[in-house]
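The values are calculated or read from the model by the stated rules, or taken from the named source; none is laboratory data. Keep in mind that this is a model prediction, so the values were computed, not measured. Every residue, glycine among them, receives a Cβ derived from its backbone with ideal geometry; neighbour counts consider all protein chains shown.
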Amino acid sequence: MSLQPSEIDVEHFLAQKGYAICKHKVYVPGLSTGVLGKGSFGSVYKATKQGMPWAVKRMENASGLASAGLTQKEVETLRRLDGHPSIISLGEVFYEPSRDWVFIVMEFVDGGDLLLGLTKKPHLFDEALVRGMMFHISCGLAYAHEACVLHRDLKPENILLRGDMLPKIADFGLARIVGINYCQTAVGTPQYMAPEVPRADSHAPSGMYDFPADVFSLGLILRDMLSESTCMEWRLDIPVAAAERFQKWWPVGTSPGKQTETILALQREASGEVPGDRITAYQLCIELQELQKTNPMPCNLWSVQTKMPAGPPQRRMVSPEDAAEIAARNGFPKGSEVLIFVNDKWCEGIVEEISTSRCPGAAQVLYEDDDGEKVALVCPWQFAQFLRPSQWQEPGRSTNFRRSSSSKRSRSSRRTSALSTCKSAVSGAGRRLSALMRRDHLATM
Ligand SMILES: Nc1ncnc2c1ncn2[C@@H]1O[C@H](COP(=O)(O)OP(=O)(O)OP(=O)(O)O)[C@@H](O)[C@H]1O
Ligand SMILES: [Mg+2]
């Protein structure tokens with residue numbers, strides 16, 4: 001495909017900054033020559049400057065983006081991540097006012113992205129490789145978290161692969177550069193977003209989000225690496241035509257291998273519903289190293305040097321006032337008498353506490369079912385599904401309304417034994433109230 005008029009402008013603007021678009025051997029079907037790919041914000045070009053290859057991302061309608069006025073401090077923060085072997089380093093950022101474009105120059109990587117790898121060559125991703133790759137990705141992420149930088153848009157397309165399969169995280173901090181609101185509306189379907197991240201396409205209340213939101217996305221990337229037939233297997237609403245892009249094509253004679261329970265458990269720990277219960281990126285690095293010691297699987301990536309983070313980021317707490325404000329804004333302040341949906345029925349309960357750390361703004365509800373008193377942590381985005389004001393009557397079931405047998409609880413009769421597993425499920429919706437708590441966890445609210 002020959003250059004379009006706007007592509008000639010791109011070439012011109014880049015030439016003024018000393019970059020030449022590579023027109024040889026860069027041909028992706030359907031895209032102009034020199035374009036490596038297209039994302040939510042614009043196109044990515046391969047260019048050279050003084051003999052060095054670069055990837056240059058051109059973002060359109062830039063005046064609406066925070067990047068046009070990116071502060072020096074923000075650029076410096078992103079620069080602090082430069083030099084980590086698993087993070088794509090940032091070159092320059094420049095604005096072209098006549099076309100309202102921002103150009104972001106990045107380190108160029110030649111092995112394609114992880115989505116392409118997983119779908120076109122799934123047979124390469126046995127557990128040995130998955131462990132090595134996950135180790136390097138989580139090292140990069142933990143390193144950024146230590147520097148207090150969130151990614152906010154982790155997904156397989158943003159993991160680029162070097163020829164030897166060393167993964168590198170791309171677009172670090174980009175959601176910050178472009179402003180999170182823009183990112184949400186532009187991305188449209190937030191398949192990899194943690195439940196606490198505010199969504200443009202939903203009116204459901206959200207909580208505050210922090211480092212665990214990135215870990216949730218990382219856990220879903222790990223799930224994609226371990227899944228047999230498709231990436232994003234948790235999304236059942238993808239139209240058939242679009243779903244093909246995520247399908248894994250196993251070459252004849254190859255098939256998925258076995259996976260250890262440990263790697264599956266790490267995946268679950270990363271993508272749990274309650275942010276404060278998720279493993280940190282730092283812990284994930286350490287656990288993968290340990291696993292490699294106790295149950296080694298050979299992979300060349302273990303000999304690639306990396307920069308280990310020093311530790312996990314500080315766990316942040318919101319003030320009790322802010323947590324109370326979140327819960328109140330979402331309709332269930334401390335002390336509210338509520339109905340909570342557990343084990344297919346509405347039970348009477350009371351909001352005892354509001355979480356400030358495990359899941360800021362979540363309501364700790366004391367309720368009683370047939371076995372006695374229990375406690376559940378309901379996250380803000382679960383309120384609409386699992387909580388109702390105590391006066392609420394289920395539509396169409398006013399005569400046959402199944403509430404729990406007790407009417408009022410006395411604190412002295414509260415059952416204090418630990419609740420080890422979640423048994424509650426919402427019929428129809430198929431979702432589980434996953435945040436049922438053990439009594440001995442309450443101290444970490
Ligand atoms: N630094 C890079 N080196 C080599 N190829 C890259 C680089 N950055 C991006 N690409 C290629 O360009 C494609 C498009 O990237 P882009 O970031 O614009 O879109 P995306 O990652 O699919 O979505 P998003 O806009 O949400 O990040 C990538 O999938 C990848 O193939
Ligand atoms: Mg990207």
Look through segment 32-48, keep the residues that are assigned to a loop (DSSP other than H, G, I, E, B) and over 15 Å from GLY112 (Cα atoms), and return whichever of them is farthest from ligand 2 (Cβ to nearest atom).
THR33
Looking at segment 88-180, what strands (runs of 3 or more DSSP E) fall wholly within it and have at least 1 residues that are among the hydroxyl-bearing types (Ser, Thr, Tyr)?
90-96
Filtering segment 120-157 down to residues that are touching a helix residue (DSSP H, G or I) at 6+ places or on another chain (Cβ under 8 Å) and more than 25 Å from GLY311 (Cβ to Cβ), which residue is farthest from ligand 2 (Cβ to nearest atom)?
GLU127
If GLU196 satisfies all but one of (1) farther than 30 Å from SER43 by Cβ; (2) modelled with pLDDT of 95 or more; (3) not aromatic (Phe, Trp, Tyr), what's the number of the condition it fails?
(2)
Touching a residue at least 40 places away in the same chain (Cβ under 8 Å), aromatic (Phe, Trp, Tyr) and assigned to a loop (DSSP other than H, G, I, E, B): is that true of TYR209 in this structure?
yes
Being at pLDDT 80 or above and more than 25 Å from PRO190 (Cβ to Cβ) narrows it down to one of SER43, SER2, SER89, SER6, so name that one.
SER89
